[in-house]
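Reviewing the structure listed below.
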Amino acid sequence: MSSRRKFLKQSLLSTTIFLPEGIKKSTELFQDRNVKNARKPRIISTWNHGLAANEKAWSVLRQTGSILNAVEEGVKVTEADPASRTVGIYGFPDREGIVTLDASIMKGNGECGSVCFVRQVKHRITLARKVMEETPHVMLAGEGARQFAISQGMQLEEEVLHPESEEAYLEWLKEKEYRPIINIENHDTIGMIGVDADGNLAGSCTTSGLAFKMHGRVGDSPIIGAGLYVDNEVGAATATGLGETIIKVCGSFLVVELMRQGRSPQEACEEVVGRLIEKNKDGIEDMQAGFIAVNKDGEYGGYAVHPGFNYAVQGESGNTLEDARSRFS
């Protein structure tokens, strides 16, 4: 395969010599675009809490050489963070005052697992991996997922709201106004995608979902193809924001498929955000959604509906937080 790639690359470079000047310049720009910021290995995760998650994931990747281990252990940092109100068991509850949790994990060969509407499991990303590796299924939900966690020896947490989450819930009860706004102050989900030095990919996505959602509501995070999608032939993508809008366009799957057709990760994210906006014109001013993507060469991108979305990028040169561009300013 490597010799074939080398032959094709040499053929492309040689044929550009005989192209008309305009086409030759376009070809050169295309080549430049695809090598821009392309470097492996690379780990990318959503929001500012991704910085600490990336550090852990990078350490695990270095120690184990497994990109799957890296993306699992990385997001566990955020799941266990007592300061998080949007990802872990300390998060905001639903309208019944109950914290319910979702997660998914996926390998580049298509193997995947997820759990949704599960209670009392601190590290449901690990539970999602157990679904992938220990069962013939992809998704377990609710009490069934909880029972499976018990059967796998996972400890259940006491179901008590964090004081800050309880205070916010009691305040919400006064008006019971349901406005699923997601922005830099109130965001859900950590999604993490990564590629190792050999081009192998994996991803993870975990959340406590929207604050004060209807009991039983499930967003995009545990849905393979919506909140997360990984393909070793192409790349990986994950999403954050209002899950209903992301589900409607099969967002992460579509990002990867557009990369398969030749778009860069940045171009693919931008096109999917455009489609999402087209499908959700009513009330788009209160609908935030964003995507991050990486291809198997390590080139990455991110884009959102509104300003305020940021993502953490870890590579050989360090761990940085980048502000994503957006459709609306």
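The values are calculated or read from the model by the stated rules, or taken from the named source; none is laboratory data. Since this is a predicted model, take the numbers as computed values, not measurements. Here Cβ is always computed from backbone atoms with ideal geometry, including for glycine, and neighbour counts include all displayed protein chains.
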Would you pick out the residues in the stretch 101-122 that are closer than 15 Å to LEU156 by Cα and surrounded by fewer than 23 Cβ atoms within 10 Å (Cβ to Cβ)?
PHE117, ARG119, GLN120, LYS122
Which residues, counting only those in the stretch 282-312, are under 13 Å from the mean Cα position of the chain (by Cα) and surrounded by fewer than 24 Cβ atoms within 10 Å (Cβ to Cβ)?
ASN310
Those residues of the stretch 194-203 which are in contact with an Asp or Glu (Cβ under 8 Å, 6 or more places away or on another chain) and either assigned to a loop (DSSP other than H, G, I, E, B) or within 14 Å of LEU101 (Cα to Cα) (or both) amount to GLY199
Breaking point among (1) in contact (Cβ under 8 Å) with a residue 60 or more places away in the chain; (2) β-branched (Val, Ile, Thr); (3) surrounded by 24 or more Cβ atoms within 10 Å (Cβ to Cβ); (4) touching a Leu at 6+ places or on another chain (Cβ under 9 Å), for ILE190
(4)
Here are SER221, SER252: which of them is free of Cβ contacts under 8 Å to residues at least 60 places away in the same chain and polar (S, T, N, Q)?
SER252
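Every residue, every condition in (1) at pLDDT below 95; (2) farther than 14 Å from THR189 by Cα; (3) surrounded by fewer than 14 Cβ atoms within 10 Å (Cβ to Cβ), yes or no:
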| site | (1), (2), (3) |
| --- | --- |
| GLY22 | yes, yes, yes |
| ASP32 | yes, yes, yes |
| VAL60 | no, yes, no |
| GLN63 | no, yes, yes |
| ASN69 | no, yes, no |
| GLU96 | no, yes, yes |
Across the stretch 179-196, the tally of residues that are at pLDDT 95 or above and not acidic (Asp, Glu) stands at 6
Considering only strands (runs of 3 or more DSSP E) wholly within the stretch 62-147, the ones with at least 2 residues that are free of Cβ contacts under 8 Å to residues at least 40 places away in the same chain, of a type in the set (Ser, Thr, Tyr) and touching a Gly at 6+ places or on another chain (Cβ under 9 Å) are none
From GLY235, GLY227, grab the single residue that is more than 12 Å from the chain's Cα centre (by Cα) and surrounded by 24 or more Cβ atoms within 10 Å (Cβ to Cβ).
GLY235
